[in-house]
Protein chains: 2
Amino acid sequence: MDTVKYVLTEDRMPTSWYNIQADLPVPVPPVLHPGTGQPIGPADLAPLFPMALIAQEVSQEPTIDIPEEVQAIYRQWRPSPLFRARRLEKALDTPARIYYKYEGISPGGSHKPNTAVAQAYYNKQEGVKRLTTETGAGQWGSSLAMAGAMFDLDVVVYMVKVSYNQKPYRRALMETYGARVVASPSTETNAGRQILAEHPDSTGSLGIAISEAVEAAAMSDDTKYSLGSVLNHVMLHQTVIGQEAIEQMTLADDYPDVVIGCTGGGSNFAGLVFPFIGAKLRGGRNIRVVAVEPASCPTLTKGVYTYDFGDTTHLTPLVKMHTLGNTFVPEGIHAGGLRYHGMSPLVSHVMELGHIEPCAETQLGCFAAAVTFARAEGIIVAPETSHAVKATIDEALRCKEEGVSRAILFNLSGHGHFDMQAYTDYLAGKLEDHEYSRAEVEAALSSLPQVG
Amino acid sequence: MDTVKYVLTEDRMPTSWYNIQADLPVPVPPVLHPGTGQPIGPADLAPLFPMALIAQEVSQEPTIDIPEEVQAIYRQWRPSPLFRARRLEKALDTPARIYYKYEGISPGGSHKPNTAVAQAYYNKQEGVKRLTTETGAGQWGSSLAMAGAMFDLDVVVYMVKVSYNQKPYRRALMETYGARVVASPSTETNAGRQILAEHPDSTGSLGIAISEAVEAAAMSDDTKYSLGSVLNHVMLHQTVIGQEAIEQMTLADDYPDVVIGCTGGGSNFAGLVFPFIGAKLRGGRNIRVVAVEPASCPTLTKGVYTYDFGDTTHLTPLVKMHTLGNTFVPEGIHAGGLRYHGMSPLVSHVMELGHIEPCAETQLGCFAAAVTFARAEGIIVAPETSHAVKATIDEALRCKEEGVSRAILFNLSGHGHFDMQAYTDYLAGKLEDHEYSRAEVEAALSSLPQVG
């Protein structure tokens with residue numbers, strides 16, 4: 001039997017986002033003002049975000065309606081397909097049942113448009129003219145650029161310099177959509193100039209790029225800031241993935257024993273797993289949930305759970321999350337989308353509540369898994385996604401060793417068609433693994449603020 | 001109203017390919033043996049192709065069943081969606097109804113897997129161990145590499161040198177699937193060595209790469225040759241596109257007045273338009289059919305309709321087609337998939353019968369159209385596909401001028417995610433237009449054989 005696709009008709013596309021905050025037994029710790037150490041209010045965030053998104057950030061409602069205008073655009077590629085990877089199962093000779101939710105068919109090639117479209121919509125509704133953002137690998141920046149084009153908003157993207165240089169094609173993609181792309185750290189902001197003064201050769205980081213984008217938004221009345229991961233409202237928008245997956249698993253007459261996603265800021269992971277964890281919290285079936293991060297940016301496995309800044313020059317509020325310290329600059333691995341010093345506060349909190357197992361993988365093993373997957377299933381996954389593939393294949397091989405059939409579901413968050421340089425380097429033997437020692441991590445953690 | 005997607009359920013995926021040969025009032029001229037000038041028989045083709053494909057090449061049956069194993073793989077991405085481009089219509093302020101069939105969601109990102117999977121299947125069935133092929137832009141080579149991985153066949157791809165150098169990422173893609181990629185002209189074949197002796201700096205052409213792939217297959221018992229376009233059986237396999245589109249236009253409660261495709265060898269074009277032309281031939285509605293080729297490889301608009309070799313060193317039989325002469329080496333434009341000196345004999349014949357209007361477009365206009373399309377519809381099209389987009393937008397603007405609403409359907413044959421270098425160059429103002437003069441074409445045509 002061949003790989004099987006489970007399709008939902010459009011009338012079964014979710015019409016609301018799922019808010020896991022409503023189902024948590026303990027509320028997520030509040031965001032704090034760095035000056036006062038007190039919880040911040042909507043007014044503090046208003047220079048950066050439209051009120052609709054600020055309301056979503058703190059909402060305790062179990063569901064939030066997806067505006068019809070956003071649904072109309074979602075329907076261009078949603079519901080996305082879910083596959084049973086029969087050819088991969090055969091190649092691995094495993095009794096495991098392997099499923100993947102495929103977000104690579106969106107126009108941007110990843111899950112990122114799910115939130116980009118929603119954010120552009122709400123900003124447009126509130127009269128915003130321009131959005132600033134940061135991007136690592138470029139998946140987020142290109143998705144926001146696309147959404148900006150659809151809603152006639154100017155978009156300025158601060159792109160981590162190492163990616164700007166490694167991935168000129170992602171830049172071209174954003175520019176094709178009409179966005180302006182700036183290599184970060186840049187001389188356009190105080191934050192960028194400050195970093196460059198101290199580290200003229202800085203290759204940048206998501207933390208630095210966030211500083212620049214936040215500063216540029218705060219300085220201008222008609223400009224807001226847009227973040228592609230980490231925040232609660234971003235996790236919320238991505239839950240269309242998991243909601244669809246639950247329905248599709250029903251079509252497959254199955255239910256996952258293990259759900260797997262790769263984690264950088266946490267959004268594709270949360271998008272798939274939060275609806276499953278929510279179902280469990282409401283009395284549904286128990287499942288294992290695995291978060292796979294790169295060993296070169298081990299936020300969940302080697303970081304600490306504490307209050308930290310979201311950016312490097314301390315322009316953001318303080319959020320409680322798993323962090324390596326806001327000055328941490330990870331190795332320039334190809335999975336640029338996973339190179340963030342922190343983790344979504346909501347994902348961090350849910351992990352602290354015991355619902356998520358973290359693991360870290362090095363990139364050589366991840367690319368080897370991606371090649372195995374490509375030859376079996378035909379799909380070239382993004383370097384970020386290869387982490388989820390690695391953990392999935394390992395789990396499937398454990399099933400084989402143990403002689404048990406478990407259902408494994410992972411989020412194929414994006415295709416790798418923009419990232420063939422990474423595969424080129426891997427095939428040429430040019431990639432190396434890097435794992436941080438405890439001492440290196442301790443040094444990075446010294447930048448943590450003394451709060452809370 | 002937003003862009004609308006028309007989806008077919010899997011049970012409405014075509015279960016047979018449509019063979020236009022059965023509906024033509026005049027048969028397509030026979031393929032000739034270059035030595036005797038007489039029609040060739042199956043035995044002449046047996047060193048290159050499995051018998052099942054040879055039979056399809058000359059079949060007069062109106063439909064040919066798609067094997068269940070091939071259907072099973074098709075279902076991974078088929079039926080592909082058809083869209084009404086409402087956002088583009090709005091951006092152009094046109095009364096035209098613009099539709100596009102989207103083949104970019106296949107794992108290879110284009111329509112090419114439709115025939116790659118079928119060809120790999122039939123070769124596997126007949127005990128073949130290895131396939132050789134050529135590729136221009138890399139869409140075909142990567143699709144065959146993928147199909148080879150699925151059916152456990154070795155694949156060797158002779159890649160036109162200019163693309164090999166311009167598009168290293170396509171090469172990485174083929175290698176990820178496990179194929180061996182050779183820059184053509186190479187020193188691995190007599191054909192390659194002969195070209196290199198005369199033109200050491202040759203950047204290659206599809207005609208040369210075909211010579212190499214054909215020679216390599218003919219030299220080995222367990223190896224066959226696979227062609228991604230031009231031949232009748234390739235056009236046949238692609239007709240799943242048009243058959244689905246006809247059903248989807250019914251879902252949209254509409255029918256195209258104009259159907260548009262870009263043409264290199266002719267396969268994505270034939271795949272969409274043959275079922276519509278067939279319907280017309282069987283008494284259905286009249287439609288205009290437009291074939292859009294690059295001005296830098298003007299096979300249909302400036303070539304002649306005559307017998308020519310399919311390759312440069314004259315290893316293939318003679319086929320009657322529109323051709324620029326088998327030694328023609330087109331400019332190194334980014335739409336590498338359209339750089340072939342000839343045209344599908346079946347497309348050529350159907351054009352001679354009066355069912356196809358050709359037109360030629362230069363690349364600057366095509367990229368401008370692609371950027372307009374991307375900002376409206378979110379999809380970055382392949383450079384090849386940009387030719388169809390250009391003709392579609394021009395037609396939509398004519399509708400606006402004339403104040404009439406026509407339905408225009410084009411084949412969005414592939415996404416451009418692998419081709420961002422082309423967009424980078426376009427946005428940087430580095431691309432130039434080239435149109436061949438009549439004298440240049442006459443010079444190229446002097447290589448035509450005296451036959452028929």
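The values are calculated or read from the model by the stated rules, or taken from the named source; none is laboratory data. Quick caveat, the model's predicted, so the values are computed rather than measured. Methodologically, a virtual Cβ is constructed for each residue, glycine included, from the backbone with ideal geometry; neighbour enumeration extends over all protein chains shown. Side chains included, ligands, DNA and RNA excluded: accessible areas come from the protein's heavy atoms. Shrake-Rupley method; radii C 1.70, N 1.55, O 1.52, S 1.80 Å.
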If you check B:SER59, B:SER110, which single one turns out to be hydroxyl-bearing (Ser, Thr, Tyr) and closer than 25 Å to B:LEU24 by Cα? B:SER59
For segment B:60-77, how many residues meet the condition of being in contact (Cβ under 8 Å) with a residue 60 or more places away in the chain and either open to solvent by 70 Å² or more (accessible area, probe 1.4 Å) or more than 14 Å from every other protein chain (Cβ to nearest Cβ) (or both)? 1
Unmet requirement for B:VAL160, which otherwise passes all of (1) at pLDDT below 95; (2) within 11 Å of another protein chain (Cβ to nearest Cβ): (2)
Which members of segment B:326-340 meet the condition of being surrounded by fewer than 24 Cβ atoms within 10 Å (Cβ to Cβ) and more than 23 Å from B:SER413 (Cα to Cα)? B:THR327, B:VAL329
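Before we move on, is A:GLY108 modelled with pLDDT under 95, open to solvent by less than 10 Å² (accessible area, probe 1.4 Å) and either within 11 Å of chain B (Cβ to nearest Cβ) or under 26 Å from A:THR312 (Cα atoms) (or both)? Walk me through it before giving the result.
Values: modelled with pLDDT under 95: yes; open to solvent by less than 10 Å² (accessible area, probe 1.4 Å): yes; either within 11 Å of chain B (Cβ to nearest Cβ) or under 26 Å from A:THR312 (Cα atoms) (or both): yes.
The answer is yes for A:GLY108.
Residue-by-condition table, conditions (1) within 20 Å of B:VAL230 (Cα to Cα); (2) open to solvent by less than 30 Å² (accessible area, probe 1.4 Å); (3) among the basic types (Lys, Arg); (4) out of contact with any Cys (no Cβ under 8 Å at 6 or more places or on another chain):
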{"position": "B:LEU8", "(1), (2), (3), (4)": "no, yes, no, yes"}
{"position": "B:ARG12", "(1), (2), (3), (4)": "no, no, yes, yes"}
{"position": "B:GLN21", "(1), (2), (3), (4)": "yes, yes, no, yes"}
{"position": "B:PRO34", "(1), (2), (3), (4)": "yes, no, no, yes"}
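Which count do you get for residues in segment B:201-214 that are surrounded by fewer than 24 Cβ atoms within 10 Å (Cβ to Cβ) and under 22 Å from the mean Cα position of the chain (by Cα)?
Going residue by residue through segment B:201-214, those that are surrounded by fewer than 24 Cβ atoms within 10 Å (Cβ to Cβ) are B:201-203.
Imposing the further condition that a residue be under 22 Å from the mean Cα position of the chain (by Cα) reduces the set to B:203.
So the count comes out to 1.
Are any residues in segment B:392-413 open to solvent by less than 10 Å² (accessible area, probe 1.4 Å) and part of a helix (DSSP H, G or I), and if so, which ones?
From segment B:392-413, those open to solvent by less than 10 Å² (accessible area, probe 1.4 Å) are B:392, B:395-396, B:399, B:407-413; that's our starting set.
Listed by number, the residues that qualify are B:THR392, B:GLU395, B:ALA396, B:CYS399.
Please work out if A:LEU82 is at pLDDT 95 or above, more than 14 Å from every other protein chain (Cβ to nearest Cβ) and touching a helix residue (DSSP H, G or I) at 6+ places or on another chain (Cβ under 9 Å).
Values: at pLDDT 95 or above: yes; more than 14 Å from every other protein chain (Cβ to nearest Cβ): no; touching a helix residue (DSSP H, G or I) at 6+ places or on another chain (Cβ under 9 Å): yes.
For A:LEU82, the condition - at pLDDT 95 or above, more than 14 Å from every other protein chain (Cβ to nearest Cβ) and touching a helix residue (DSSP H, G or I) at 6+ places or on another chain (Cβ under 9 Å) - is not met.
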Could you list, in sequence order, the residues of segment B:396-429 that are under 22 Å from the mean Cα position of the chain (by Cα), more than 9 Å from every other protein chain (Cβ to nearest Cβ) and farther than 18 Å from B:TRP140 by Cα? B:ILE408, B:LEU409, B:PHE410
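Does B:LEU346 meet the test of being in contact (Cβ under 8 Å) with a residue 24 or more places away in the chain, surrounded by fewer than 24 Cβ atoms within 10 Å (Cβ to Cβ) and aliphatic (A, V, I, L, M)?
On the way: in contact (Cβ under 8 Å) with a residue 24 or more places away in the chain: yes; surrounded by fewer than 24 Cβ atoms within 10 Å (Cβ to Cβ): no; aliphatic (A, V, I, L, M): yes.
So B:LEU346 does not fit the description; no.
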Suppose we filter A:PRO95, A:PRO79, A:PRO107 for residues that are closer than 23 Å to A:GLY337 by Cα and not in a helix (DSSP H, G or I); which single one remains? A:PRO107
Quick one: how many residues across segment B:145-180 are part of a strand (DSSP E or B) and open to solvent by 20 Å² or more (accessible area, probe 1.4 Å)? 2
Any pair with Cβ under 6 angstrom, 6 or more apart, that starts in segment B:150-178 at a residue that is more than 16 Å from A:GLY378 (Cα to Cα) and ends at one that is at pLDDT 95 or above and basic (Lys, Arg): B:VAL156/B:ARG180
